[in-house]
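S.K.: Below you'll find the structure I mean.
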């Protein structure tokens with residue numbers, strides 16, 4: 001087994017902290033998206049861009065659905 | 001067209017100037033907004049990129065997300081070098097300075113309490129990966145089955161080998177987490193990372209964060225380093241020091257210091273789900289007489 005110290009911070013490690021950690025304050029402009037939704041959006045974006053074989057869940061109907069869902073939460 | 005205020009962190013006033021070359025989100029240098037004996041670190045960002053509507057679209061754009069996350073982290077890193085910041089979640093945006101001041105006033109007691117608790121502490125990330133894909137060791141060692149019976153025996157061997165591997169990984173991760181948790185002041189479990197996202201080889205079986213005083217960090221790193229000979233087929237990755245991102249949650253929840261880790265349950269179920277997915281594990285008696293073919297040592 002090896003212990004690896006990476007120089008460049010992996011994006012996924014960054015997102016673990018910037019999207020799942022940190023003080024959550026609803027700014028007066030910030031999205032009112034639940035944490036889980038925020039993470040899902042970003043991770044889905046990640047998945048579809050790192051792997052072309054995985055179709056983006058935001059295409060077509062699903063995308064429309066999610067947007068509707070978000071809109072519902074925002075209103 | 002009015003600039004909005006992107007807030008990175010809240011901290012106590014500090015004397016050391018930030019590095020002059022530092023640029024934050026949207027290329028704007030971070031500025032210090034003093035209020036009520038606290039400092040909010042902010043950048044001026046354009047409304048067309050950081051309004052609610054724009055942010056929603058941007059968060060689906062990997063390039064934008066990467067750039068913004070790295071810029072955010074760059075400022076937090078610079079702050080960590082000179083003080084103990086309370087990092088805010090990505091994309092916390094206010095309309096103007098007075099909105100930021102109102103936010104500070106509303107939460108100043110929480111901020112002070114958490115700043116006291118975190119003073120001089122940093123976060124270390126530790127991940128454990130199961131390096132060998134579970135189906136490989138047995139499959140590679142086994143000859144082509146000559147009969148249906150051989151085939152079934154072989155499948156059982158493989159299933160068993162996978163189970164052993166998983167169990168060892170789980171035991172190792174649990175033991176490591178306990179050891180590091182005893183040394184650290186606090187610990188949090190993050191959900192295991194999806195290999196499709198991280199691009200890391202192997203399966204992530206532990207993804208944890210530990211809160212450690214800066215002065216004891218060297219020993220903590222050595223402690224992690226010493227685990228390297230403990231288990232074959234596993235890989236340990238260390239990241240940090242980070243600002244204490246994973247240990248500021250009680251401000252948001254307003255729930256004080258919750259003992260125990262709510263992530264533990266999540267990890268447990270993720271692991272058992274993963275184990276269940278490694279194959280049918282029905283307890284056929286023949287399994288007991290089949291030798292260990294992992295070749296991985298114990």
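The values are calculated or read from the model by the stated rules, or taken from the named source; none is laboratory data. Given the structure is predicted, the values throughout are model-derived calculations rather than measurements. So basically every Cβ, Gly included, is an ideal-geometry build from the backbone, and we count neighbours across all protein chains shown.
S.K.: At pLDDT 90 or above and more than 8 Å from chain A (Cβ to nearest Cβ): which single residue out of B:203, B:149, B:216 fits that description?
M.R.: Among B:203, B:149, B:216, only B:216 is at pLDDT 90 or above and more than 8 Å from chain A (Cβ to nearest Cβ).
S.K.: Still on this structure, please answer the following. Going through segment B:71-113 one residue at a time, which ones are in contact with a helix residue (DSSP H, G or I) (Cβ under 8 Å, 6 or more places away or on another chain) and within 8 Å of another protein chain (Cβ to nearest Cβ)?
M.R.: Correct list: B:72, B:73, B:86, B:87, B:89, B:90, B:91, B:93, B:94, B:107.
S.K.: What strands (runs of 3 or more DSSP E) completely inside segment B:1-120 contain at least 2 residues that are buried (at least 22 other Cβ atoms within 10 Å of the Cβ)?
M.R.: In segment B:1-120, the matching strands (runs of 3 or more DSSP E) lie at B:3-11, B:38-46.
S.K.: Just one of B:131, B:136, B:163 is more than 30 Å from residue A:14 (Cβ to Cβ), surrounded by 13 or more Cβ atoms within 10 Å (Cβ to Cβ), within 27 Å of the chain's Cα centre (by Cα) and modelled with pLDDT under 90; which is it?
M.R.: B:163 is the lone residue from the list that is more than 30 Å from residue A:14 (Cβ to Cβ), surrounded by 13 or more Cβ atoms within 10 Å (Cβ to Cβ), within 27 Å of the chain's Cα centre (by Cα) and modelled with pLDDT under 90.
S.K.: Let me ask another. With the checklist (1) modelled with pLDDT under 95; (2) within 25 Å of residue B:115 (Cβ to Cβ); (3) in contact with a helix residue (DSSP H, G or I) (Cβ under 6 Å, 6 or more places away or on another chain) in hand, flag the one item residue B:29 doesn't pass.
M.R.: Looking at each condition in turn, residue B:29 falls short on (3).
S.K.: Being under 14 Å from residue B:234 (Cβ atoms) and buried (at least 16 other Cβ atoms within 10 Å of the Cβ) is the filter here, so list the residues in segment B:193-206 that pass it.
M.R.: B:200, B:202, B:203, B:204, B:205, B:206 - these are the residues of segment B:193-206 that are under 14 Å from residue B:234 (Cβ atoms) and buried (at least 16 other Cβ atoms within 10 Å of the Cβ).
S.K.: Now for a separate question. Considering only segment B:30-70, how many residues are within 27 Å of the chain's Cα centre (by Cα), more than 10 Å from chain A (Cβ to nearest Cβ) and closer than 12 Å to residue B:8 by Cβ?
M.R.: 6
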